[in-house]
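Encoded as structure tokens, the structure appears first; notes follow it.
Here, each number is a calculation from the coordinates, and none is a lab measurement. Predicted, not measured: the structure shown is a model, and the values here were computed from it. When we count neighbours, we look across all protein chains shown, and the Cβ atoms used for this are built from the backbone with ideal geometry, even at glycine.
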């Protein structure tokens, strides 16, 4: 009774728990898988005909999203032990070198790793395939689920598991033994029993859930321990869950111990695709042992898999042929040398050379070296340079240049690249006896025309130059010929150096260097140094460290050239790395050539380069005016630094430095120059015997103004035996069609003169009160009266006596004079400031004033200059023809209106204009202006006449007559000089400023 009550209570609790589980499923609240398994144990389920198993399967399906179709579940992923293995995508596959790797690497002279551990030396998740039909060889065990499906007179589906006794029991059928039997044999027995018991019914047998097994992994693995796997797992799955095999563990002697038997697994057979290799399925209670590695050898050199290889278990040696097979054989077919670094019995090592075949044996600890016996390519010709068919060609098909360069189609211009240059190319040949290179020049144009040919040899390199490379070589040759003592640098620096100081700056530098070490820093020296764009020593007006430090704004503010250089430097430093474009051939990647200098990149090279692109690439920033860089200039500098740069043009791509220097030096001996009336004059390269028509075509053709009546060719006849050279000049008068009759030689110079014209080069400008103002072209020797007549003469309001005539050549002379005055003032300032023993006291205001004046003189600021006093009255010119000035290009003539006032300026009480009257004198006009001030210099009053000439009022003594005034005259009353310590400097300044004042005053009056 008690037992019955206990059973009833247990049954009640069971059904209560089942009801709770059903309620949870019905409400949509699914318990976790672990809770569901615990609940199943509590319910005591496990057999296929028990409701608990169905409920548990339902929970699992709800958790994993599986359907209720009686089939195996999808893939199950078994994870590694926590904390082992790579922890991110960037984790390294290889760990630190093991002891045997360090040892073998030292013997081989290069890093070498153990084979196979990049696969088996690290763990990872194990994916067990849980869907699809199982093979008939699968061995059933306790816990495997069997699904029996009936179709026909009975339609039903039953699930049960192999019980602890190893049997499978279905309703209405006798028990059938399943554990330890292959699934195929068990299925036949079950189908046979069901067909006898159930007539007219089709029987289908399959495996549902696969059992779980426990396997222990021990030995040289990263995470040994006990692991639970699927019954479908293999030994490799268990090793992966154990974190992989250590570098000290064996990959060729993994042992699977099952009961009293041991199965050996060689992982090399799985890695190398050996047909005899197979994994070992695991069973409950199996033990996997990874022993220590016993013996290994290494192989390096020209093999496909250089590595350290483990020898099979129990072996201390292996044939060389077997080791080569493990290493995948040689990289490519060829002749190789095999050497073995052996370890003798006494521990010493020796190198032994063996044959590829035969009975050579590699023992434990040996290192095998595989090296080619020869690495020479024979019967091959390389074509490089400005062609569309670069590459290697067999010598048997291209015996000469005519066979290699068979068509002009291979020189089709490429967009964005310089045009091929077919007048100077080369064959670079390597002498097999001396291993020295020689260059054989030729012209592709001669080869294409059948005029020349060169027999090719093995390993010749035929290089076709482009226009940019030709300009580079020709420019170097021209510079060397024009400056024989100048050494031409073969590596041009694309960054221009800072402006070099002139003689005055050098004197200032010497003056500052002569200062005593303890002298106090004089800020005026920094001001003078900034004027020259120089760098002061540390502690002398500027911080130590250079021009681009805190003193850079002062230098940039007073020296525009230096400011431009600093901005360019900033752009150079901020230039980002550029895209290198598509992958290039190996020869071009190893020898990328040199960057083309800006002067060889022209729009005629066939490139996309424009003039504004060249300015942007140069990094120059235009800076004008004085003072520090403006915000707009700073913004332009930053924009220039951040602007993406187009890839630079590279020359001689594919040639190493020695081949390039030899090519440049050889082709430079075939330099010619063409000057004058051609569209692109300069230096060129042509082969001996090249005709003039080809050179003219290379230089862009003749201009329309060329004089074909007499053009000259200057040649150098060189006699190497006597060591003399004689210059020969030939003059030709040929039409263009006969240019092919003129043959050229190296170092020739061709000159095409323009036709002579009586028209002068440039216009003159007439403005103001003429009938037809504007620009007029002039003839050589044409006079001013002729130009005035062409302009229609003067208007009725014109004032011929006050014309302003400006000439550029006179303006240049005046500017030269101002520069000399500025240099003289600067030298005097340096002498005064740098003389520490002098008692002369100069204030900061005085030095600033003089410095400002020097800047104005150097920069040419102030009134316009270049005025010449001329006579334009037709009556005067008729009487004196020598007064009719000959016109020059750039001359300007301004005819003002008739003025009606005389201007009094300078040191008077009320400077200004006073109406002109013929009966008034100089003293009258000064009196009407309020008289002179106290500081006026009444001994040096002068009058500027309307034509620009100046006359001193008292310049001729007390007997001289007063100057005659005319409308538009200017009376100037200068200031007396104030005497102080360096009055000589101010006297020079006053002399210069007075000259400027004369011109300025007269122009101001005339402009009214």
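Averaged over residues, the count of other Cβ atoms within 10 Å places the peptides 815-824, 452-461 in the sequence 452-461, 815-824, highest first. In units of the rule-of-thumb radius 2.2 N^0.38 Å, region 373-487 shows an alpha carbon radius of gyration of 1.18.
Taking a quarter of the surface of the Cα convex hull of region 871-965 gives a mean projected area of 8.7 nm². The distance linking region 696-757 with region 183-252 is 96 Å (Cα centroid to Cα centroid, whole angstrom). Placing a label point 7 Å from the Cα of residue 697 along the Cα-to-Cβ direction, no residue of region 425-442 has its backbone N under 12 Å from that point.
Sorting the segments 339-345, 717-723 by their mean number of nearby beta carbons within 10 angstrom, highest to lowest, gives 339-345, 717-723. The value obtained for region 661-798, namely the Cα convex hull volume divided by the number of residues, is 170 Å³ per residue. Size of region 209-307: Rg and Dmax of its alpha carbons, in Å, are 14.7, 52. Per-residue packing, averaged as other Cβ atoms within 10 Å, sorts the ranges 229-235, 877-883 into the order 229-235, 877-883, beginning with the highest. Take the Cα radius of gyration of region 294-374 and divide it by 2.2 N^0.38 Å, N being the number of residues; the result is 1.03.
The calculated pair-distance distribution of region 903-958 uses every alpha carbon pair, bins of 10 angstrom beginning at 0, and gives 22, 57, 21, 0 percent.
If you plug the beta carbon distance of residue 717 and residue 780 into 1/(1 + (r/R0)^6) with R0 = 35 Å, you get a FRET efficiency near 0.35. Residues of region 363-385 falling in the label zone of residue 99, defined by backbone nitrogen less than 18 Å from a point 7 Å along Cα to beta-carbon, are 364-366.
If the chain linking residue 763 and residue 106 were pulled fully straight, counting 0.36 nm for each residue of separation and taking away their Cα-Cα distance, it would gain 228.1 nm. Calculated on the alpha-carbon coordinates, the convex hull of region 135-209 measures out at 74 cubic angstrom per residue.
For the pair residue 343 and residue 875, the difference between a 0.36 nm per residue extended length and the Cα-Cα distance amounts to 179.5 nm.
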